[in-house]
1. Given 168, 234, which one is surrounded by fewer than 18 Cβ atoms within 10 Å (Cβ to Cβ) and not assigned by TED's automatic domain parsing to the domain that holds residue 307?
2. Quick test for you: out of 35, 18, 43, pick the one residue that is surrounded by 15 or more Cβ atoms within 10 Å (Cβ to Cβ), at pLDDT 95 or above and assigned by TED's automatic domain parsing to the domain that holds residue 357.
3. Just need a number here: residues in region 312-338 that are touching a helix residue (DSSP H, G or I) at 6+ places or on another chain (Cβ under 6 Å), in contact (Cβ under 8 Å) with a residue 60 or more places away in the chain and surrounded by fewer than 19 Cβ atoms within 10 Å (Cβ to Cβ).
4. May I ask you to list the residues in region 144-176 that are under 25 Å from residue 199 (Cα atoms), at pLDDT 95 or above and assigned to a loop (DSSP other than H, G, I, E, B)?
5. Working carefully through the options 103, 116, 90, 112, find the one that is part of a strand (DSSP E or B) and surrounded by 16 or more Cβ atoms within 10 Å (Cβ to Cβ).
6. Against the conditions (1) under 16 Å from residue 108 (Cβ atoms); (2) in contact with a strand residue (DSSP E or B) (Cβ under 6 Å, 6 or more places away or on another chain), where does residue 219 fall short? Just the number, please.
7. Test residue 30 against the criterion of being surrounded by 15 or more Cβ atoms within 10 Å (Cβ to Cβ) and without any contact (Cβ under 8 Å) to a residue 24 or more places away in the chain, and give yes or no.
């Protein structure tokens, strides 16, 4: 499949971003998915800790969501205008998300973050947008981490600061001056190839205070973490409400839909912009979203995935130490990032996750992972048992491990 794809598709069009940076034994094409598992094109089954890079929250093909989507498919999907489900879904979001008075639906996370940026500028009549250095907000030219095909003008009026560093934030605000349109914040620091970092309450509150004082718009990009940390915007966990929040990934359990939620403070800006897409009003995706929100709103899914995530974290710590490795397990337990201490070129991490693939467990060597509600304690315990064997094999091979050349090339490009 890789060879055939290379003949008829650019490498950027098949496989998720970063596929070329994964060990060679990683599967790239998948035939089917069910619950917590995926099957690759060769028929191999994996317990999937990537959850489709986030969209799988309840379990692949959850019957409750599939029933709602199938019922709507019998009536229609993309039509000349939205179905009544659009209004129902907006009403449900407004009920659940404390800061939200309205909802705007689109398709991908990049759609949502770009629309939020546009609303902030329309609302304020200003240009400067602040984001944390290294934060990921999508694949559009203004925010892509890969600069090929972009020009500096694509990032004009985008200023950066250091996550959780109030002095750095204030310096960027001073640089923006009277032209500050907004601050786009990630719910926590979740860059690839790095330890994750939760926001401090002082940092989050300072973002809110600055926007209140300047009239700028505070945006929380909750595309990745939305409904995995709270049945609300993720910054509810630090007691801060944004003006806008961006959503995607899991709120329709894998059906393609994203959203921007906003308060009435920025409704005028939202009313004034032009943003549209032929497939943004998909009724099937909205039916799936309504079913998903009904399931998760009692908070039990978050409680379960957090509990299972902590069980995994504790077990991996124990077996890694047995083999002389120290793990850096950071971020929320239900969205784990697992890196190795003393592994600057990721050779140990790549070898370990490659061994886990051979055992039938899909973990990632440099991207945060996800747990889903279909996982069980038995799944976690089997993962820990397989990890024990994988740590042993990596320990035995340690003197011969080599760094991944493409990763070194990426780090070199970033340094320049």
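The values are calculated or read from the model by the stated rules, or taken from the named source; none is laboratory data. Worth saying up front: this structure is predicted, and the values here are computed from it rather than measured. Cβ: placed from backbone, ideal geometry, glycine included. Neighbour counts: every protein chain shown.
1. 168
2. Of 35, 18, 43, the one residue that is surrounded by 15 or more Cβ atoms within 10 Å (Cβ to Cβ), at pLDDT 95 or above and assigned by TED's automatic domain parsing to the domain that holds residue 357 is 35.
3. 2
4. 157, 162, 163, 164, 165 - these are the residues of region 144-176 that are under 25 Å from residue 199 (Cα atoms), at pLDDT 95 or above and assigned to a loop (DSSP other than H, G, I, E, B).
5. 103
6. Checking residue 219 against (1) under 16 Å from residue 108 (Cβ atoms); (2) in contact with a strand residue (DSSP E or B) (Cβ under 6 Å, 6 or more places away or on another chain), the one that fails is (1).
7. Answer is yes for this residue.
Table: residues versus (1) more than 25 Å from residue 249 (Cβ to Cβ); (2) in contact with a helix residue (DSSP H, G or I) (Cβ under 6 Å, 6 or more places away or on another chain); (3) crowded, with 19+ Cβ neighbours inside 10 Å.
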position: 343; (1), (2), (3): yes, yes, yes
position: 349; (1), (2), (3): no, no, yes
position: 354; (1), (2), (3): yes, no, yes
position: 371; (1), (2), (3): no, yes, yes
position: 376; (1), (2), (3): no, no, no
